[in-house]
Amino acid sequence: MQGATERGERAARNEALFRRVNERVEEVNKAFESILDEAVFFCECADIDCMDKIGMTLHEYEALREVSTHFAVMPGHVLPENERVVEKRAGYVVVEKVGRAGERAAELDPRDQDA
């Protein structure tokens with residue numbers, strides 16, 4: 001069972017990395033909000049080599065970020081042992097991290113970190 005725990009921990013760290021990147025991407029997108037219909041974010045899946053892009057509005061991204069255990073991933077990038085699909089959207093799905101993976105996602109959320 002330790003292998004699954006290690007995979008879950010690694011997945012949580014990878015997803016947290018993409019979340020931090022998307023936080024910066026959001027800052028850039030906000031500068032162009034008046035001319036953008038949709039912003040581009042990175043898939044927040046566990047695969048560190050994934051560079052797939054997800055299109056969503058800044059409002060959709062903010063709604064996603066209201067829950068620290070929710071992530072935007074491409075269809076087919078879901079890890080059923082650590083997450084469940086809570087919403088299907090055009091071009092991506094919103095997953096909720098569950099169990100220990102959910103706890104780690106909340107711990108690693110950059111918006112919940114002291115500055």
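The values are calculated or read from the model by the stated rules, or taken from the named source; none is laboratory data. What you are looking at is a predicted structure, and each value in this text was computed from that prediction instead of being measured. Note: ideal-geometry Cβ built from the backbone for every residue, glycine included; neighbour counts use all protein chains shown.
Every condition in (1) closer than 25 Å to G55 by Cβ; (2) surrounded by 12 or more Cβ atoms within 10 Å (Cβ to Cβ); (3) not polar (S, T, N, Q) is met by G76 except one, and the failing one is (2). Across segment 45-65, the qualifying residues are those that are of a type in the set (A, V, I, L, M) and in a helix (DSSP H, G or I), and the one among them that is surrounded by the most Cβ atoms within 10 Å (Cβ to Cβ) is L64.
Evaluated against (1) within 20 Å of R7 (Cβ to Cβ); (2) among the small types (G, A, S); (3) at pLDDT below 95; (4) assigned to a loop (DSSP other than H, G, I, E, B), G76 falls short on exactly one condition, (3).
In segment 46-73, the residues that are within 14 Å of V93 (Cβ to Cβ) form Cβ pairs under 7 Å with partners that are hydroxyl-bearing (S, T, Y), at six or more places apart or across chains, as follows: I54/Y92; A72/Y92; V73/Y92.
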